[in-house]
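Below is one structure, written out as structure tokens; the observations come after it.
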Amino acid sequence: MARALILFAALVPAVCNPAAQCGESLPAGVDPATGFRMERYRAPVPDVLPGGAVVHGDDVARLAADDAVVLIDVYPPKGAGPDPLDGTWRNSEARENIAGSIWLPEVGRGYLEPELEAYFRRNLQRIASENPGEPLLFYCTADCWQAWNAARRAILWGYGRVLWYPEGTDGWRDEGRALAPAEPVNFLGSDNE
């Protein structure tokens, strides 16, 4: 764990109050009024995450091997969304992600409907309380702005140790690393059901 904290400190040299945005400029493609990418989520992504750190495959593998990070997949599934009666996600295709990840679908949109925002907030609070002190690492697929948006939103909500893996499952697979079958967290509950 100590080695992972040193790695995290090296990746995030200085983090300021995210609400103040430290006078940082936002990357091209981000809506200046909201601070999020609002459309065309599958497009080239920036190489910066204001208030957080960008990590790549070897860093992610080290952190995951040390159990020193919480992996959060925000991939938006294809399908009908969550069932309003029982909260299960109605996906039309299987998803594989990095083993040990928590899959929170759709939380990387630029605008979150109130129910989706509550789902994201509730699960982030649970995750942070179950893993105190561990960085939250957000990812999706390559060229997926939803992971950037979710990471940025977590920073703005006051989560101070946020990482973003822009290559996501595509980069993980392309580097010869294994993916595992994934199930999204139930929309109505706080645990996979």
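Residue-wise test of (1) under 26 Å from residue 134 (Cα atoms); (2) not in a strand (DSSP E or B).
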site	(1), (2)
29	no, yes
33	no, yes
36	yes, yes
40	no, yes
64	yes, yes
68	yes, yes
71	yes, no
75	yes, yes
80	no, no
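Would you say residue 146 is part of a helix (DSSP H, G or I), within 28 Å of residue 35 (Cα to Cα), without any contact (Cβ under 8 Å) to a residue 12 or more places away in the chain and not basic (Lys, Arg)? Show your work before the answer.
Numbers: part of a helix (DSSP H, G or I): yes; within 28 Å of residue 35 (Cα to Cα): yes; without any contact (Cβ under 8 Å) to a residue 12 or more places away in the chain: no; not basic (Lys, Arg): yes.
No, not satisfied.
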Evaluate the following for residue 142: is it buried (at least 16 other Cβ atoms within 10 Å of the Cβ) and over 17 Å from residue 171 (Cα atoms)? no
Note on residue 15: of the conditions (1) surrounded by 15 or more Cβ atoms within 10 Å (Cβ to Cβ); (2) of a type outside the set (S, T, N, Q); (3) at pLDDT 90 or above; (4) part of a loop (DSSP other than H, G, I, E, B), unmet is (3)
Is there a residue being over 16 Å from residue 153 (Cβ atoms), out of contact with any Cys (no Cβ under 7 Å at 6 or more places or on another chain), crowded, with 19+ Cβ neighbours inside 10 Å and among the small types (Gly, Ala, Ser) anywhere in the range 98-115? yes
From the set of residues in the range 161-185 that are surrounded by fewer than 21 Cβ atoms within 10 Å (Cβ to Cβ) and basic (Lys, Arg), which is farthest from residue 41 (Cα to Cα)? 177
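Any idea which residue in the range 149-160 is surrounded by the fewest Cβ atoms within 10 Å (Cβ to Cβ), counting only those that are of a type outside the set (Gly, Ala, Ser) and touching a residue at least 60 places away in the same chain (Cβ under 8 Å)? Steps first, please.
Here is the first cut: in the range 149-160, the residues of a type outside the set (Gly, Ala, Ser) are 149, 152-153, 155-157, 159.
Add one more test, that the residue is touching a residue at least 60 places away in the same chain (Cβ under 8 Å), and what stays is 149, 152-153, 155-156.
Working: 149: 27, 152: 26, 153: 24, 155: 23, 156: 16.
My answer is 156.
Return the total of residues in the range 65-92 being polar (S, T, N, Q) and over 13 Å from residue 183 (Cβ atoms). So that I can check it myself, show each step before the final result.
Filtering the range 65-92 for residues polar (S, T, N, Q) gives 88, 91-92.
Narrowing the set further to residues that are over 13 Å from residue 183 (Cβ atoms) leaves 92.
Final tally of qualifying residues: 1.
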Could you check how many residues of the range 152-193 are part of a loop (DSSP other than H, G, I, E, B) and under 16 Å from residue 77 (Cα atoms)? 6
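The values are calculated or read from the model by the stated rules, or taken from the named source; none is laboratory data. Predicted model only: the values in this text are computed from it and were never measured. Neighbour counts are summed over all protein chains in view; Cβ atoms, including those assigned to glycine, are modelled from backbone coordinates with ideal geometry.
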